[in-house]
Amino acid sequence: MTTSELYDIWVYLQAEPLFWLTLTIGAYLVGDWCYQKSNKFPLVNPVAISILIVSSTLFIFDIEYERYFSGAQFIHFMLGPATVALAIPIYKKWHLIVVNAKAIFVSVFVGSCFAVVSTYFIANGLGISEKVMLTMLPRSVTTPIAMGISEVIGGIPSLTAIMTITTGIIGATFGAFILDILRVNSASARGFGIGLGSHGVGTAKAMSQNAEAGVFAAVAMGLSGIVTSLIMPLFMRLIS
């Protein structure tokens, strides 16, 4: 097969939505294979690996994100049903949530406030511009909510998405190490902490390792999004 024929095949494939869907799924399978082969070593994060593979492909072949997304948007669509499906394990563990309701709400409120305030002071300390700072403020909640908050307060939603996903990957990668150092052994506490700090990525990891941890991670992810949405307007008034 000649170079010209290979090029024609590539041009045809990149125009097909199915190709980008296959690439996305294949990249994650490669990342998951690496994760399993490393005996689930936290630093070998399958999400980070799949993002690296896909982004490298788009960069090397100069593919516009819109073309890629036209094929991979089915996965984006499935995020909604997948998030709603978290209600099932939450319902099954509802009695545990009720018992720990006070601790849950206090932790979510304190954690959400700390995430916003610490981001603000760190950004100010580093001399980051106001636009980028506003983009960073909601990075500790799940991506769709973070992008919505960013747009309302004057940030850059697309950049917020990148920062939010990066925060989730870092939290899911190093969260277990930190919890081990702090000697937090309770599955519910570990899951809650990872969900609060790492939102969707952390919740997915917690759910794959322990059902109870996954439930509390999902609760933390959902409540932190609500609380952050409520406190952000008050915080914006305070700093203005």
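None of the figures in this text is laboratory data; all of them are computed from the coordinates on show. If you're wondering where the values come from, they're calculated on a predicted model, not measured in any experiment. Here the Cβ positions follow ideal geometry from the backbone for every residue, glycine too, while neighbour counts run over all protein chains shown.
Summary of computed values
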item: Folded to 0 to 90 degrees: helix 17-37 orientation relative to the chain principal axis, Cα; result: 60 degrees
item: Violating pairs (Cα-Cα greater than 23 angstrom) within the set Lys37/Lys205; Lys40/Lys93; Lys93/Lys205; result: Lys40/Lys93
item: Ordering of 101-110, 183-192 by burial proxy (mean other Cβ atoms within 10 Å per residue, highest first); result: 183-192, 101-110
item: Protection proxy ranking, peptides 173-180, 117-124, 92-99, average beta carbon neighbours within 10 Å, highest first; result: 173-180, 117-124, 92-99
item: Between 0 and 90°, nearest 10: helix 3-14 axis offset from the chain longest Cα axis; result: 40 degrees
item: Where Rh is the Kirkwood radius over Cα pairs, Rg/Rh for region 174-219; result: 0.92
item: Kirkwood Rh in Å, taken over the chain so that all alpha-carbon pairs contribute; result: 19.4 Å
item: Dimensionless Rg ratio for region 92-184, taking C-alpha atoms and the 2.2 N^0.38 Å reference; result: 1.25
